[in-house]
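For reference, the structure discussed in these notes is given below.
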Amino acid sequence: MLRFAAWLRRLALFFEPVRRYLPWLNIMLAVLAWITNTYWIQGFCQPVPWASAALIAGTTAFLVWPWLMNVNAGLRYGALFLQGLFFTTCLYCAWFMEEGYHLLGLLFFWLILPALVWLPVFFGMQVLRRVNRAALTGKWLAFGLGVFSLSPVLWWADAQYREMQNVLGSMPLRERKTIANLVRVLPRTYMLERVAGATWRYHTSAEFILDGWRPPLHDPLLVICQELHWHDDFYKRDQEYRYPLALNDRIKEGNNYVWHEDFVYHRTQLYHQLFPANPIKPDCVCAHNNDGESYRAWVPGAEH
């Protein structure tokens, strides 16, 4: 037991320089992750506005916390609240990455960049440690409010998603494979716009290298709602499709759906008729790699 305690002390001394410079290391890692995601391997596409605001606010609170030790308590409580929001973001990112990419990050950690998939876990553990060590009454309450601050938004999005499924579920399958029928009955909601743009406008799965062509926008509400309802009875009626707006295209199992010209054409036509005021192709900067260049070169409608 004494030997184990001595080993722990030596280990603590070994990591002492890391702990001392950890605030600056966090900033460097955050910048490195952004550069890697933008210019090398894109795991996350451009967040939609609300997700960008949440990410910026939470990340800023996390990075500046070490310099808030001597400020007034109100500001520190606010920072704890935002770090609760940041902790939720870390959980989402870690979940979205999937187990396989975390394993690859461990196997190839010596290449540095693959290990960045563990960054949400690393940051999230630091947040929990900070809350535990903070000398503030009610600190866990402030943190918890931040963790669950987006729950009402998710409830709102899920209600819209269920409404869409209920409308579609009341239609015979052959009728909901026709654009005109879908345009006539579907309620124009925030989540319908996301679902209509899934796979070609909105990024919905963790893909890094073998995409070839990828949607440029990312909305966590769409991803979460899809996962929450993927096992609903609604989908058992037509197992060929993962997405609720099943049109008259044919996607064979194993094929990359974003390469299927009919799939892209029909979904963009449906989107345009549902939301004619929205541009079909988002005007945004995609990854600065082959995936981004191929998306920028895409001309909607040229598939036919």
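The values are calculated or read from the model by the stated rules, or taken from the named source; none is laboratory data. Model, not experiment: these values are computed from the prediction. Reconstructed Cβ throughout: ideal geometry from the backbone, glycine too, with neighbour counts over all protein chains shown.
Using the structure shown, decide if residue 253 is in contact with an Asp or Glu (Cβ under 9 Å, 6 or more places away or on another chain), modelled with pLDDT under 70 and outside the structural domain of residue 166 (by TED's automatic domain parsing).
For residue 253, the condition - in contact with an Asp or Glu (Cβ under 9 Å, 6 or more places away or on another chain), modelled with pLDDT under 70 and outside the structural domain of residue 166 (by TED's automatic domain parsing) - is not met.
Within the stretch 118-153, how many residues are outside any helix (DSSP H, G or I), over 23 Å from residue 221 (Cβ atoms) and aliphatic (A, V, I, L, M)?
Within the stretch 118-153, residues that are outside any helix (DSSP H, G or I), over 23 Å from residue 221 (Cβ atoms) and aliphatic (A, V, I, L, M) number 3.
Return the only residue of 164, 171 being more than 23 Å from residue 58 (Cβ to Cβ) and modelled with pLDDT of 90 or more.
None of the other options fit; the residue is 164.
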